[in-house]
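The structure appears right after this line, and notes come after that.
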Amino acid sequence: MSILHHSTFFTTVNHIKDLPKSNHPEIAFAGRSNAGKSSAINVLCNEKRLAFSSNTPGRTQHINYFTVGRRGETFGYLVDLPGYGYAKTPMDVKNHWNELLGIYMQERDQLKGMVLMCDIRRGFTDLDVEMINWFSPLAKPIHVLLTKCDKLSKNAAKQMLFAVEKQLKMMTGEWGTVQLFSSTNRVGLEEATEVIAGWIEQHRIHAPSDAE
């Protein structure tokens, strides 16, 4: 059984000072509002309602932590970042989110990789590109899930995969990978699980014990 299948909600963070003191590796999940981030986390963790999507996209502007590991033992955290790109989000909320995200991404040593959700029907938006350009200088891996691939024909999905793969390589070099994914049809579930669990296992071995 995958280490992702022993997942529980851990905490919600709205201010940098409240980030967990633990040294466990963290894998961030990012993406535009409505890109299918919550659904992806739920299916990867084999849960129905572990991560929640707001009825109003862009409303939830905090960071949610979920533990992963074996029963009774935490190996790392999945970190659900707020969805971005919702036009009606108030400016003060956007500013708070930008500050929180910026500090978290740039200064959080426990952050070991990012999973970026992109709706395959859109490809990379300007905000997705901005997120990648923001993260890639850290020399940490980025794995892109082209979500909702069941909405396209197999041929069209493959064409988009190749196009995004080429664009991602230009931006990240060796640090970026991409795959097709569908939470509805569970397409790409095994591949994504292997990547994410692999990152956690890799850094768990070398991670120092928690600093309480």
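The values are calculated or read from the model by the stated rules, or taken from the named source; none is laboratory data. Treat the numbers as computed from the prediction; the structure is a model and nothing was measured. Neighbour counts run over all protein chains shown; Cβ positions are idealised from the backbone, glycine included. We work out accessible area using only protein heavy atoms, side chains counted, and drop any ligands, DNA or RNA first. Shrake-Rupley method; radii C 1.70, N 1.55, O 1.52, S 1.80 Å.
Roughly how many Å² is the accessible area per residue of the chain, as a whole number, for a 1.4 Å probe?
52
Could you work out [θ]222 nm for the chain from helices alone, using -39500 (n - 2.57) per DSSP H run of at least four and dividing by all its residues? Round to the nearest 500 deg cm²/dmol.
Helix-only estimate at 222 nm: -11000 deg cm²/dmol.
Which residue fluctuates the most in the chain, going by a Gaussian network model with Cα springs under 10 Å, if the choices are TYR104, TYR65, TYR77?
Greatest mean-square fluctuation among the candidates belongs to TYR104.
For the range 132-212, what class follows from the C-alpha gyration tensor (a ≥ b ≥ c being the square roots of its eigenvalues): rounded when a/c is under 1.5, otherwise prolate if a/b is larger than b/c, else oblate?
It is oblate, given that a/c is not under 1.5 and a/b is not larger than b/c.
Which of the listed residues, LEU100, PRO141, GLN179, is farthest toward the dipole's positive end in the chain, when Lys, Arg count +1 and Asp, Glu count -1 at the beta-carbon?
GLN179
Could you work out the pair-distance distribution P(r) of the chain from its alpha-carbon pairs, with 10 angstrom bin width and percents rounded to whole numbers?
Taking every Cα pair in the chain, the percentages come to 8, 36, 39, 15, 1, 0.
With contacts defined as alpha carbon pairs under 8 Å and 6 or more residues apart, what's the relative contact order of the chain in percent?
Reported relative contact order: 26 percent.
For the range 174-180, take each phi angle, set θ = phi - 60°, evaluate the Karplus expression 6.51 cos²θ - 1.76 cosθ + 1.60, and give the result in whole Hz per residue in order, putting x for glycine and proline.
Working through the residues one at a time gives 6, 8, x, 9, 8, 8, 7 Hz.
Among the aspartates and glutamates, which have Cα under 20 Å from the Cα of LYS21 when same-chain residues fewer than 8 positions away are ignored?
Correct list for LYS21: GLU73, ASP80, GLU99, GLU107, ASP109, GLU201, ASP210, GLU212.
Compute, for the range 107-157, the length of the dipole vector about the Cα centre, with Cβ point charges of +1 (Lys, Arg) and -1 (Asp, Glu) only. Units Debye, rounded to 20. Show your work: numbers first, answer last.
Values: 8 positive and 7 negative charges, 61 e Å.
Computed about the Cα centre, the dipole is about 300 debye.
Amide H neighbours of VAL187 under 5 Å, at least 5 residues apart or on other chains, H built in the peptide plane: list them.
Those qualifying (amide H under 5 Å, at least 5 residues apart or on another chain) are SER182.
Of the beta bridges DSSP finds with both residues in the chain, what % are antiparallel, to the nearest 5?
35
With every protein chain in place, what's the accessible area of LYS169 (1.4 Å probe, Å², nearest 10)?
Number for this one is 130 Å².
Which value, in Å² rounded to 10, gives the accessible area of THR193 with a 1.4 Å probe and all protein chains present?
The value for THR193 is about 20 Å².
Over 24 Å between Cα atoms, which of LYS17/LYS148; LYS37/LYS140; LYS112/LYS148; LYS48/LYS151 qualify?
Violating the 24 Å limit, Cα to Cα: LYS17/LYS148; LYS112/LYS148.
If amide H atoms are built 1.01 Å from N in the plane of the peptide, which residues on other chains or at least 5 residues away come under 5 Å of the amide H of THR11?
TYR65
Return the whole-Å distance between the Cα centroid of the range 66-105 and the Cα centroid of the range 1-40.
Here the two parts' Cα centres lie 7 Å apart.
To the nearest 10 square angstrom, what accessible area does PHE124 show with a 1.4 Å probe?
Estimated to the nearest 10 Å², PHE124 gives 30 Å².
Within the range 164-183, list the residues whose amide N lies under 20 Å from a label point set 7 Å along Cα→Cβ of LEU127.
168
With charges set only on the Cβ (+1 for Lys and Arg, -1 for Asp and Glu), what does the dipole of the chain come to about its Cα centre, in debye to the nearest 20?
Computed about the Cα centre, the dipole is about 700 debye.
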